[in-house]
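Following: one structure in structure tokens, then a few remarks.
Computed from the coordinates by the stated procedures, all read-outs in this text should not be read as laboratory data. Quick caveat: nothing in here was measured; it's all calculated off a predicted structure. We place every Cβ from the backbone using ideal geometry, glycine too, and count neighbours over all the protein chains shown.
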Amino acid sequence: MEALKDLKENYQDLDVCLLIFGSGPNKEIQESIPFPCKFMGFITDDYTTNLVYNASDVFVAPSLADNLPTTILESLACGTAVVGFDVGGIPDMIDHLKNGYLAKYKDEKDLSKGLNYCLSNKLEGYLLPEFQKSEIINQHLALMKEATKD
């Protein structure tokens with residue numbers, strides 16, 4: 001919430017509308033956010049998930065502790081840049097300033113700076129090579145081959 005307030009205060013030239021995943025409309029949340037927002041609810045099908053990511057310019061993953069969030073991989077696979085904290089497995093997926101922005105841990109001003117950076121530079125997301133489907137399949141095949149050696 002503090003990052004959004006900072007974004008509104010310090011980067012006034014941005015045209016922002018938030019899409020909020022995971023819950024239905026919530027008047028208290030809506031009133032506390034300094035931008036227009038739309039509550040998307042729980043999205044359960046791949047088609048709608050792809051549409052929402054592709055309609056977005058940036059995905060914010062404000063997790064303070066996470067291993068390899070699937071939402072980040074989904075966003076990057078759809079070409080949407082990601083802003084998240086430099087914690088857990090998140091730095092393994094985001095190439096800072098290239099497919100997203102890694103904000104300093106618990107630093108809401110840096111998170112805001114990252115949102116501005118991605119939006120102002122029209123940054124596009126992409127999966128890093130180690131997360132490409134073909135690479136993951138090849139790694140699994142190599143592991144199975146190694147496991148079945150006599």
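Put +1 on the Cβ of each Lys and Arg and -1 on the Cβ of each Asp and Glu in segment 1-77; which of Leu68, Ser56, Phe39 then has its Cα farthest toward the positive end of the dipole?
Sorting the options by dipole projection puts first Phe39.
Report, by chain and number, residues whose modeled amide H sits under 5 Å from the one on Gly41, excluding near sequence neighbours (fewer than 5 apart, same chain).
Gly22, Ser23
Of the listed values (i) 124; (ii) 163; (iii) 259, grab the one calculated as volume of the Cα convex hull per residue in Å³ from the structure here.
Entry (i).
Setting aside same-chain residues fewer than 8 positions from Lys5, which lysines have a Cα under 16 Å from its Cα?
The qualifying lysines are Lys106, Lys109, Lys113.
Using 0.36 nm per residue of separation minus the Cα-Cα distance, give me the extension gain between Glu28 and Asp86 in nm, one decimal.
18.0 nm
Pop out the ³J(HN,Hα) list for segment 20-27 in order, Karplus 6.51 cos²θ - 1.76 cosθ + 1.60 with θ = phi - 60°, rounded to Hz; leave Gly and Pro as x.
Per residue, the Karplus-derived 3J(HN,Hα) values read 10, 8, x, 8, x, x, 9, 4 Hz.
Test of understanding: ordering Met40, Met1 by Cβ neighbours within 10 Å, fewest first, what list do you get?
Met1, Met40
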